[in-house]
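Engineer: Okay, here's the structure, questions in a sec.
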């Protein structure tokens, strides 16, 4: 069962606009008011906000501004440098990141722990263990950078460029949303278009990103929207004068009934098992709209394939359709930073969770401005697309692990072989043979005791 949810009109009197600033706050943002509040001395604040020693103050301001500008320019140079790009590129490879984390543990944390915590071992043994840990971390990182990272780069390059030349049947299996006919520039010569020119089955730009979906600001009831936001939408009203009135009776400052664009108006719907969701009257599916408004004549809502404003809608009996403005919600990032997927009422079955879910839409609608509600939808994210995407993710993960799996034995062998050399040549340390000598001494003592016991036994017999 579906029901509309409306906002209590009494909330209008309690609403605080996110765009309004209290008078006291405004006064505090004014320099003169801050000076009066803190009762600063006359040489700092005067009636006309004048200063003594202007030259010194201006010089200090210029110096500080110059220092800030220099810091910003330095930061810009760092962020735009090839070195920073190299760091970002290296960090995109999981093997290098793991090796870097291991280096921090082996070269810093573990040695500090070994040297700081008292043990039964000698100081020389602790120093050797710390040096061994540092050597292990350094060799592991160098091995990852020289062996594993280039391999990882090759895999990523192959992943990025291999798709362009994959067999058409494989492409269709991996990406059911792809329009295969769109990949060919000249099929007879087996020449393909660049990937950025490929189309999906709805002739939208092809996208394999199914998590990049259209989102809108979470709608709020029209009675909670600030006058500034309403004015930006073409509704200039005196909200105080409208307090306590039904939204159906609201008029603007010229005395005209308020009017909103179709795409700006959302309705709130509660449905069993689906919770509360919001639907744009511009994009809501016709069959879903019919469920909500049974008397609506669906033939009246479109003309030349375009959805008309609700002012032109009619009921089945031919009478004008009257939209209840008290049920209207508005989506605006002026009012909230919360975002929700844009739904139309179309559903898909999730076999994993065994429930129905609303379908979302890709951002491949050709509209770059995502601040408001788009006039055009992207490609719907259907069940078969998500199932194919899940398989592709597994393949990508396996390929991502492949460099680590194949190069790990090589890096480990290099680490084992190089550590003794590094310990000897860099740290001038060798493995303590004291323990080995102690073992030999114990064995010799046991042999001597055995001989003595045999001699004593022979004397007793004699």
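The values are calculated or read from the model by the stated rules, or taken from the named source; none is laboratory data. Every value quoted in this text rests on a predicted model; they were computed, and no experiment measured them. Here the Cβ positions follow ideal geometry from the backbone for every residue, glycine too, while neighbour counts run over all protein chains shown.
Engineer: Is it true that residue 88 is surrounded by fewer than 16 Cβ atoms within 10 Å (Cβ to Cβ), in a helix (DSSP H, G or I) and within 33 Å of the chain's Cα centre (by Cα)?
Structural biologist: So residue 88 passes the test.
Engineer: Looking for something exposed (fewer than 13 other Cβ atoms within 10 Å of the Cβ), in contact with a strand residue (DSSP E or B) (Cβ under 8 Å, 6 or more places away or on another chain), without any contact (Cβ under 8 Å) to a residue 24 or more places away in the chain and more than 30 Å from residue 329 (Cα to Cα) - is there at least one such residue anywhere in segment 148-157?
Structural biologist: No.
Engineer: Criterion first (within 30 Å of residue 170 (Cα to Cα), modelled with pLDDT of 80 or more and crowded, with 17+ Cβ neighbours inside 10 Å) does residue 398 satisfy it?
Structural biologist: It is false that residue 398 is within 30 Å of residue 170 (Cα to Cα), modelled with pLDDT of 80 or more and crowded, with 17+ Cβ neighbours inside 10 Å.
So that you can scan it fast, the table gives a plain yes or no per residue for (1) surrounded by fewer than 16 Cβ atoms within 10 Å (Cβ to Cβ); (2) within 30 Å of residue 384 (Cα to Cα):
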residue	(1), (2)
80	yes, no
108	yes, no
142	no, no
161	yes, yes
166	yes, yes
183	no, yes
188	yes, no
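Engineer: Now a separate question. Looking at (1) exposed (fewer than 13 other Cβ atoms within 10 Å of the Cβ); (2) touching a residue at least 12 places away in the same chain (Cβ under 8 Å); (3) in contact with a strand residue (DSSP E or B) (Cβ under 9 Å, 6 or more places away or on another chain), find the lone condition where residue 203 falls short.
Structural biologist: That leaves (3) as the condition not met.
Engineer: What tally of residues in segment 169-181 results from selecting those that are in contact with a strand residue (DSSP E or B) (Cβ under 9 Å, 6 or more places away or on another chain), outside any loop (DSSP other than H, G, I, E, B) and either touching a residue at least 12 places away in the same chain (Cβ under 8 Å) or surrounded by 14 or more Cβ atoms within 10 Å (Cβ to Cβ) (or both)?
Structural biologist: Of the residues in segment 169-181, 3 are in contact with a strand residue (DSSP E or B) (Cβ under 9 Å, 6 or more places away or on another chain), outside any loop (DSSP other than H, G, I, E, B) and either touching a residue at least 12 places away in the same chain (Cβ under 8 Å) or surrounded by 14 or more Cβ atoms within 10 Å (Cβ to Cβ) (or both).
Engineer: Quick one: residue 115 ticks every box in (1) closer than 30 Å to residue 405 by Cα; (2) touching a helix residue (DSSP H, G or I) at 6+ places or on another chain (Cβ under 7 Å); (3) modelled with pLDDT under 90 except a single one, so which number is it?
Structural biologist: Failing condition for residue 115: (1).
Engineer: Can you tell me which residue is farthest from residue 288 (Cα to Cα) among those in segment 234-270 that are surrounded by 17 or more Cβ atoms within 10 Å (Cβ to Cβ) and under 30 Å from the mean Cα position of the chain (by Cα)?
Structural biologist: 264
Engineer: Considering every residue within segment 322-342, establish whether at least one is in a loop (DSSP other than H, G, I, E, B), at pLDDT below 95 and on the phi > 0 side of the Ramachandran plot.
Structural biologist: no
Engineer: Every residue in segment 184-197 that is part of a helix (DSSP H, G or I) and either modelled with pLDDT of 95 or more or under 30 Å from the mean Cα position of the chain (by Cα) (or both), please.
Structural biologist: Initially, segment 184-197 is screened for residues part of a helix (DSSP H, G or I), giving 187-189, 195-197.
Listed by number, the residues that qualify are 195, 196, 197.
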